[in-house]
Amino acid sequence: MDGRREGGVSAALPPALGRRPGVAIIAIGWFYERKSLPAAIVVAAVTWALPWARTTAAETVAGQNWPRSEPNLMAYALVASTAVFLVWWGIRNLSRPLVNYGMVTFALTVMWFYFSSVMDKLDRSLGLIVLGILFLAGGWALEHTRRRLIARMAQDPMELGTEGEA
């Protein structure tokens with residue numbers, strides 16, 4: 001079998017045919033813009049690894065067994081670390097859109113984690129109160145950090161440890 005067994009359910013590897021378009025897209029991107037290769041490889045690797053970052057459980061309802069799958073902590077860590085990498089790569093290459101994309105990806109990952117893992121464990125009203133506080137504080141912190149990074153990129157690229165690549 002090609003996959004890893006988890007909770008009685010097999011996660012089969014993606015077929016070779018499914019990977020070829022992704023490899024072709026990365027190759028074309030590398031041909032046109034060589035600086036895009038590391039970010040494309042990281043995103044492709046996370047996309048490939050994400051289906052295995054899950055937990056499979058079975059519930060018995062009315063005498064029937066219902067398997068279900070949900071992301072585990074590794075899934076959130078993979079996506080969040082990819083977002084941090086995209087921010088870092090955007091700073092290194094002085095790319096504001098990549099910094100913005102990484103910040104939005106990180107915020108969406110936190111929201112995904114909250115709705116998938118935390119809100120299920122809280123009472124609905126308490127969950128919504130905590131969600132509001134998280135959105136206000138987290139949104140302010142992310143926007144403050146994003147603006148500071150963009151301003152530093154515009155001021156002095158050498159201060160950020162870049163080679164001055166545009």
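Laboratory data are not the source of any read-out in this text; all were calculated from the coordinates shown. Predicted, not measured: the structure shown is a model, and the values here were computed from it. Quick reminder, even Gly has a Cβ in these numbers, built from the backbone with ideal geometry, and neighbours come from all protein chains shown.
Below are the figures for this structure:
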| item | result |
| --- | --- |
| Sequence ranges 71-79, 34-42, ranked by mean other-Cβ count within 10 angstrom, highest first | 71-79, 34-42 |
| Proximal charge balance of GLU59 [Cβ under 13 Å; K/R count +1, D/E count -1] | 0 |
| Cα pair distances exceeding 16 angstrom across region 98-159, given as percent | 54 |
| Per-pair calculated FRET efficiency, R0 = 45 Å: ARG124 and THR145 via Cβ, rounded to 0.05 | 0.90 |
